[in-house]
Amino acid sequence: ALLLIGAQRSIRMVHRVENPPLPVIVIDPGHGSSDGGTTGINGAVEKEINLSIAKKLRLILQVLGYDVVL
């Protein structure tokens, strides 16, 4: 019985090494508050474009299993 318990612990330790936790990813799209960045000739504001891209990136990373902070 002690041999079996020791083997189970060894298997759990190997599993932990083989599957380390994924890192937390922080995405900072920038240009918050009153600083909207530049405005394009079509009226597009940089901060809105950056935020849109950051949200799409967050979704992709979350689907892949990462913890994401925006």
Task: Every residue from segment 1-32 that is open to solvent by less than 80 Å² (accessible area, probe 1.4 Å) and modelled with pLDDT of 85 or more - done: Pro23, Ile25, Ile27, Pro29
Task: Every residue from segment 28-70 that is touching a Lys or Arg at 6+ places or on another chain (Cβ under 6 Å) and in a loop (DSSP other than H, G, I, E, B) - done: His31, Gly36, Gly37, Leu70
TODO: Six or more apart or on different chains, Cβ under 7 Å: which pairs go from a residue in segment 20-39 that's on the phi > 0 side of the Ramachandran plot to one that's of a type in the set (Val, Ile, Thr)? Could you list them?
DONE: Gly37/Val45
TODO: From Asp35, Asp67, grab the single residue that is at pLDDT 90 or above and among the charged types (D, E, K, R).
DONE: Asp67
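The values are calculated or read from the model by the stated rules, or taken from the named source; none is laboratory data. What you see is a predicted model, and the numbers here were worked out from it, not measured in a lab. A quick note on method: Cβ atoms are made from the backbone with ideal geometry, for glycine too, and the neighbour counts reach across all protein chains shown. Heavy atoms of the whole protein, side chains included, go into the accessibility calculation; ligands, DNA and RNA do not. Shrake-Rupley method; radii C 1.70, N 1.55, O 1.52, S 1.80 Å.
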